[in-house]
Amino acid sequence: MTKGPGVSVNERSAELVMRLDAEELRVGISRGELGETLIDAGSKKLGGIAAGMRIAEICMGGLGQVTLMPSSKTPRWPWTIVVRSSSPVIACLASQYAGWRLADDSGPKPFFALGSGPARALARREPLFEVLNYADDATRATLVIESGQPPPAKIVATVAQHCRVKPEDLTIIFAPTQSLVGSTQIVARVLEVAMHKTHELGFVKAMGRTNDAIIFGGRVQLYVTGPAREADELAKKLPSRASRDYGRPFSDIFKQVKGDFYAIDPMLFSPAQITVTALETGESFHSGAIDLGLLDASFA
């Protein structure tokens, strides 16, 4: 397994981390017990939307652009997060996707979090990497976790070991979902969830309001190779409304399944509206729609 030519998501992310202005972005940068760099982006530090967009770009391995723009599509919610990438498979699936389960029950307080970001491409601990033609070999790593606290030393040591880097060359960014940074960087996964569902549908070879913002208000444009009929089929299957669980705010669904996240149809986690363009013919296929009623129900 070799990495893409000249592309290291960890090296690119490390450069972005070095350029973070802690005072401007209202984040905290410190050293942990094992020498790791810890960035508090929403726990004891306030953070903000600007920090959330920067961290979303870090999470994409420096292969994506995240911007805030006005939108007339959702009049009661006039601002939208726009995500772009010319290398979406690597940026989203090999880096941004939160697929690394991290748990430690040995301490006085159990710790659990899902790890995302470019460190995943070094550790390659997930079955997803068996089909992704990408691996990183950087000597420094960056991990992003949805948590209100930094990981314990045992988790830090494990992550560094699996990434084959020294703890002092590991950066861990943490922010709880309900923080401004957490909410922003999760909503900025709109392209990632489209790519992941595309993978689940076999096309790619190689919580709460934040989910609803994507499920009912997310819009994605994909450019794909292959026959136009396959692009058409993909467009029909990708929107969130194709899921059996579509039709209620995520919090209602979560309560119904008694908090069992894995009881929810995984096909629900996808954007509301999709355009798929077949590069070989130039044809574009559209499916799904913004659901203002359900979006308002979630944010009311």
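Among the listed residues Glu57, Glu11, identify the single one that is closer than 18 Å to Arg189 by Cα, at pLDDT 95 or above and among the acidic types (Asp, Glu).
Result of the check over Glu57, Glu11: Glu57.
Can you give me the number of residues within the stretch 80-124 that are open to solvent by 10 Å² or more (accessible area, probe 1.4 Å), more than 17 Å from Ala157 (Cα to Cα) and in a helix (DSSP H, G or I)?
Selection size over the stretch 80-124: 3.
Could you name every one of the helices (runs of 4 or more DSSP H) located completely within the stretch 188-286 that has at least 2 residues being under 21 Å from Ser298 (Cα atoms)?
Correct list: 190-200, 209-217, 250-256.
Considering each residue of the stretch 51-60, count those that are open to solvent by less than 10 Å² (accessible area, probe 1.4 Å), part of a helix (DSSP H, G or I) and not β-branched (Val, Ile, Thr), and give that number.
Summing the residues that are open to solvent by less than 10 Å² (accessible area, probe 1.4 Å), part of a helix (DSSP H, G or I) and not β-branched (Val, Ile, Thr) in the stretch 51-60 gives 4.
Do you know which of the residues in the stretch 179-195 that are among the polar types (S, T, N, Q) and within 26 Å of Lys154 (Cβ to Cβ) is nearest to the chain's Cα centre (by Cα)?
Gln185
If you check Ala157, Ala135, which single one turns out to be within 19 Å of Thr171 (Cα to Cα), surrounded by fewer than 20 Cβ atoms within 10 Å (Cβ to Cβ) and modelled with pLDDT under 95?
Ala135
I'd like to verify a number: residues in the stretch 160-173 that are more than 19 Å from the chain's Cα centre (by Cα) and open to solvent by 10 Å² or more (accessible area, probe 1.4 Å), how many?
8
This table checks each residue for (1) over 15 Å from the mean Cα position of the chain (by Cα); (2) open to solvent by 40 Å² or more (accessible area, probe 1.4 Å); (3) at pLDDT below 95.
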| position | (1), (2), (3) |
| --- | --- |
| Val27 | yes, no, no |
| Leu34 | yes, yes, no |
| Thr37 | yes, no, no |
| Lys45 | yes, yes, no |
| Ile49 | yes, yes, no |
| Ser71 | yes, no, yes |
| Pro78 | yes, yes, yes |
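What tally of residues in the stretch 238-272 results from selecting those that are surrounded by fewer than 17 Cβ atoms within 10 Å (Cβ to Cβ), under 17 Å from Lys197 (Cα atoms) and of a type outside the set (Gly, Ala, Ser)?
Of the residues in that region, 5 qualify.
Restricting to the stretch 186-235, what's the tally of residues that are of a type in the set (S, T, N, Q), out of contact with any Phe, Trp or Tyr (no Cβ under 7 Å at 6 or more places or on another chain) and closer than 25 Å to Gly115 by Cα?
2
The values are calculated or read from the model by the stated rules, or taken from the named source; none is laboratory data. Just so it is clear, the model here is predicted, and its values are computed rather than measured. Neighbour counts run over all protein chains shown; Cβ positions are idealised from the backbone, glycine included. When the accessible area is computed, the model is the full protein with side chains, heavy atoms only, and any ligands, DNA or RNA have been set aside. Shrake-Rupley method; radii C 1.70, N 1.55, O 1.52, S 1.80 Å.
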